[in-house]
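Remarks on the structure that follows.
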């Protein structure tokens, strides 16, 4: 085995998740077992921590403390949304050289894999042996190669539970309830709204994903039809839903853009408010009670609501990244391979196969009308999310009228 | 003991809570022990169920089923926001006569207590022995007499956990985060945002309640000061916060009114969006990253997040209402009396002392600056909410720069 002695650096990038610290702790604790890893440094706020040479000494953390951090949502090292320029990536490489960094682990989504890939190519050109591993995390579940992404199952559980509550609330106090779920390009998280359904008439009754464009008029028709049938309607709408002309459903209403020039959809209630008003004004039912919520940061950082499978898998991908790094001069992205129903084993994907790309919800997971998910999606997602709270309804035996 | 033989009716009114079905099941199971209660009828959708003679036979529900319903959030009988007219109340009384109803239990807030009071007075005038009990529930915690309201502790726990997550998220990805919390008149639920704070620099850093008017400029100044100190800021804002001129903070921006003519604050992101934009535009910091979430229906109906104390107390007030009704020709509202730190015992309040009135957060629970809560509030609310998830942060020992 090819042993390289040197320091290890680990960081977290992009939006937090409920289990991203499991991956951090998994990698750090595995690294502590290997004497060839001399120092274990944490990047403060992702790539900015490298550019600013702002590192934390993770060997100062004790075991008990690390276990508590593993169970804490959001990114313990701090994170960032800064996308490094090619010059930044050159600088990152030179800082790695200066600090004798031989192992680099970076937990994040496809942008993070891209940064890993670029810095890895620079190291290769410079004949510097840097072992670079991308550790997957994203609540969006949109990374290529891997069966699913750590972070998604816990976020999906939160969303499923939230819709279970919304369904019960809407059954108790009838009307139309529209909830906006995170997911700019991929509808995985919104699809999870269906996971808590038990009875045929349980909501969400309608689910709209970015993968299937829909006209506003169609949404109103679907809601009216549902309301005729059940006297109520719960709707899950992905923030990235598009109209058939390719524009975002909320585009005309939301002015703000983030630093990448993207329309800022999270942290704003505009899409939900606009949709509610549109439905109320255009429904065939007069005085329709329409409410909306925009599910917020709780989707990614609510403490105490986890998928146990997600916890274990997030820990495992962190550990496996370090184990792979110990095997030789390799690099890549740790992927999860599903076996049967249900187990996973780790797999190694190429950095460039994960970088920049987005895995969309496939056609077989979306119903024909484009307003719901199929049993195939439920079968895919249920083992990831695990048990949901048990809820029950009355038998509703009527008392004969006097 | 004065025994009256007849039917019992029970209903749920107003917004759902996580434990309102505990009160329902507590009352129903207690009633099943008393042979003088001949039929146990549930009102479908509150007072509308009486007006429509739409009753459910709750004796058809078995024990195991009822226990699952007790643990299910939202109102299993259905609820309504309809406020009965004086004519409706007369009609309710006559329907009670027709169905030989001698016991009436109605779970709800101060409007519900008012309805109980009015119908009770009609029965009294008609020399009809109707034993009427209001069973308290509201996430707003704004009922008079009682130390606190069933429903509040679980909602407070959800809010506290939500802010714990927001604090961690904001520490990981710095900026300003503004979260809007339910509470039109009373700030109890918003105050609960502070319950998960552990370190001095933990958010929420600022908390604004309806009880303490604040100017927009003051909010911006407070946020700037916090940002200077910590490089970040988490803000809890009650939907009912007012400016010093007595107007709602969001009034100019929110056009929609509900059927009572009140500005509709829940289910809309407008206040959070408006505040975010205002803070961004008026902060002394350029390019401040400001995000907002409006905590939605999850505050009142998220399954799986409960206060254990709340579960037990909600069950108890349901049981106690029936026990009181068995004691003689009395009526009232079941209150909780706090003993020491921490126990409660049931108490009986007069219906008219609970009807229509609102208990505000007292001055001693709000800090002098009007932008936070005091230790006295923490001491009041912590035993209600109980244990919160354990979260931890890194020791953050820096690596010396090369």
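For the range B:101-121, does any single residue satisfy the condition of being at pLDDT 95 or above, within 14 Å of chain A (Cβ to nearest Cβ) and more than 22 Å from the chain's Cα centre (by Cα)? The answer is yes; a qualifying residue exists. Count of the range B:332-342 residues, restricted to those that are in contact with a helix residue (DSSP H, G or I) (Cβ under 9 Å, 6 or more places away or on another chain) and modelled with pLDDT of 95 or more, is 7. Where helices (runs of 4 or more DSSP H) fall wholly inside the range B:290-402, the ranges with 2 or more residues that are over 26 Å from residue A:73 (Cα atoms) and touching a strand residue (DSSP E or B) at 6+ places or on another chain (Cβ under 6 Å) are B:308-325, B:351-354.
Quick one: what pairs do we get from the range B:375-396, first residue more than 7 Å from chain A (Cβ to nearest Cβ) and at pLDDT 95 or above, second surrounded by fewer than 17 Cβ atoms within 10 Å (Cβ to Cβ) and assigned to a loop (DSSP other than H, G, I, E, B), C-beta under 7 Å, 6+ apart or different chains? If the second residue must be surrounded by fewer than 17 Cβ atoms within 10 Å (Cβ to Cβ) and assigned to a loop (DSSP other than H, G, I, E, B), the pairs left are B:383/B:341; B:383/B:342.
Selection over the range A:40-56 of residues that are more than 25 Å from the chain's Cα centre (by Cα), more than 7 Å from chain B (Cβ to nearest Cβ) and either under 19 Å from residue B:231 (Cα atoms) or touching a residue at least 40 places away in the same chain (Cβ under 8 Å) (or both) gives a count of 3.
Here the range B:16-34 is the region considered, the condition is being part of a loop (DSSP other than H, G, I, E, B) and surrounded by fewer than 24 Cβ atoms within 10 Å (Cβ to Cβ), and the residue that is nearest to the other protein chains (Cβ to nearest Cβ) is B:32.
Evaluated against (1) without any contact (Cβ under 8 Å) to a residue 60 or more places away in the chain; (2) in contact with a strand residue (DSSP E or B) (Cβ under 8 Å, 6 or more places away or on another chain); (3) more than 12 Å from chain A (Cβ to nearest Cβ), residue B:37 falls short on exactly one condition, (1). Of all residues in the range A:57-81, those satisfying the criterion of being at the interface with chain B (Cβ under 7 Å from one of its Cβ atoms) and over 26 Å from the mean Cα position of the chain (by Cα) are A:57, A:60, A:61.
Residues satisfying the criterion are absent from the range A:192-202 (criterion: in contact with a strand residue (DSSP E or B) (Cβ under 6 Å, 6 or more places away or on another chain), assigned to a loop (DSSP other than H, G, I, E, B) and away from chain B (no Cβ under 14 Å)). Selection of the range B:317-341 for residues being in contact (Cβ under 8 Å) with a residue 60 or more places away in the chain, surrounded by fewer than 17 Cβ atoms within 10 Å (Cβ to Cβ) and at positive phi yields only B:328.
Annotation: of all residues in the range B:276-298 being under 17 Å from the mean Cα position of the chain (by Cα) and closer than 23 Å to residue B:171 by Cβ, the one that is farthest from the other protein chains (Cβ to nearest Cβ) is B:295.
The number of residues in the range B:105-129 that are more than 16 Å from residue B:79 (Cβ to Cβ) and in contact with a strand residue (DSSP E or B) (Cβ under 6 Å, 6 or more places away or on another chain) comes to 1. For the range B:212-243, a residue qualifies if it is assigned to a helix (DSSP H, G or I) and surrounded by fewer than 18 Cβ atoms within 10 Å (Cβ to Cβ), and the qualifying residues are B:216, B:217, B:218, B:221, B:225, B:228, B:229, B:230.
When you check residue B:42 against the structure, is it part of a strand (DSSP E or B) and surrounded by 24 or more Cβ atoms within 10 Å (Cβ to Cβ), yes or no? In short, yes.
Among the residues of the range A:160-182, which ones are assigned to a helix (DSSP H, G or I), touching a residue at least 12 places away in the same chain (Cβ under 8 Å) and closer than 22 Å to residue B:82 by Cα? Outline the logic, then answer.
To start, the set of residues in the range A:160-182 that are assigned to a helix (DSSP H, G or I) comprises A:160-172.
Still in the running and touching a residue at least 12 places away in the same chain (Cβ under 8 Å): A:160-164, A:166-168, A:170-171.
Scanning the range A:160-182 gives A:166, A:167, A:168, A:170, A:171.
Taking (1) free of Cβ contacts under 8 Å to residues at least 12 places away in the same chain; (2) within 24 Å of residue B:335 (Cβ to Cβ); (3) touching a strand residue (DSSP E or B) at 6+ places or on another chain (Cβ under 9 Å) in turn, residue B:27 satisfies each apart from (1).
To keep it simple, each residue is scored yes or no on (1) assigned by TED's automatic domain parsing to the domain that holds residue A:15; (2) within 22 Å of residue A:342 (Cβ to Cβ).
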| site | (1), (2) |
| --- | --- |
| A:107 | yes, no |
| A:126 | yes, no |
| A:135 | yes, yes |
| A:138 | yes, yes |
| A:142 | yes, yes |
| A:145 | yes, yes |
| A:164 | no, yes |
| A:175 | no, no |
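Quick check on residue A:344: is it within 14 Å of chain B (Cβ to nearest Cβ) and surrounded by fewer than 22 Cβ atoms within 10 Å (Cβ to Cβ)? No.
The values are calculated or read from the model by the stated rules, or taken from the named source; none is laboratory data. No experiment lies behind these values; they were computed from the predicted model shown. No Cβ is skipped: glycine too gets one built from the backbone with ideal geometry, and neighbour counts run over all protein chains shown.
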